[in-house]
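All remarks here apply to the structure that follows.
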Amino acid sequence: MTNIEDDCDRGFFRVDDELRLSWIKVAPNSAKAPTDKETELQNLNIDLHNLISTAFGDSAVVGEALGLLNRKIELFTGEESNGALDLKAVPVNVSGSGLAFASEERLAHGECVELTMLLLPVNATVRVRASVVTCSAYPDDDWTYWIRSQFEPKQEVITEQIVQHVNLKQMQSLASRHNRR
């Protein structure tokens, strides 16, 4: 994976990762207002994600078990759309303000997409809208395009979950480097 330093001028720390991801094109400004149930579920997910991240920091086994339990509940309650069931492992560069991801399909500057991501190891599924900033050739033969996108505004609850994921990945990376010494 190439290190993308000139990626979208994102204002948050970013990490290279591999996420289970799917996306669909959506019409600009077509975001539906979330229902009270969806808003409450989003708030519960972010609180649970924070607690699972904390538990993961104390015990990887406990954190992963809680994440798997959360994922199981999501599957049983049907709280995810059918599109989320077809998540492929995709190389990404993720931050709290945007996502660069590998794709087999070209996207044009300004196109809007809805991204569905499974954030591991806490097993939180998030859906976020983004607009395409650039599309270029992917540096390896595995994929065709490298899509850089910026998250749409007014998705603070969702982007906070993504920031927590980035922070957890950074802590894991630092711990891994420290253990190699």
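Scanning the stretch 115-148 for residues that are part of a strand (DSSP E or B) and free of Cβ contacts under 8 Å to residues at least 24 places away in the same chain, we see that the one that is surrounded by the fewest Cβ atoms within 10 Å (Cβ to Cβ) is Ala137. Count of the stretch 128-158 residues, restricted to those that are under 15 Å from Val92 (Cβ atoms) and within 10 Å of the chain's Cα centre (by Cα), is 1.
Looking at Val113, Val157, Val163, can you tell me which residue is hydrophobic (A, V, I, L, M, F, W, C) and touching a helix residue (DSSP H, G or I) at 6+ places or on another chain (Cβ under 7 Å)? Matching residue, one of Val113, Val157, Val163: Val157. Would you check if Asp9 is acidic (Asp, Glu) and modelled with pLDDT of 70 or more? Against the criterion (acidic (Asp, Glu) and modelled with pLDDT of 70 or more), Asp9 does not qualify. For the stretch 149-172, a residue qualifies if it is touching a strand residue (DSSP E or B) at 6+ places or on another chain (Cβ under 7 Å), polar (S, T, N, Q) and in a helix (DSSP H, G or I), and the qualifying residues are Thr159, Gln161, Gln170.
The values are calculated or read from the model by the stated rules, or taken from the named source; none is laboratory data. Since the model is a prediction, treat every value here as computed from it, not as a measurement. Every residue, glycine as well, gets a Cβ built from its backbone with ideal geometry; the counts of neighbours run over all protein chains shown.
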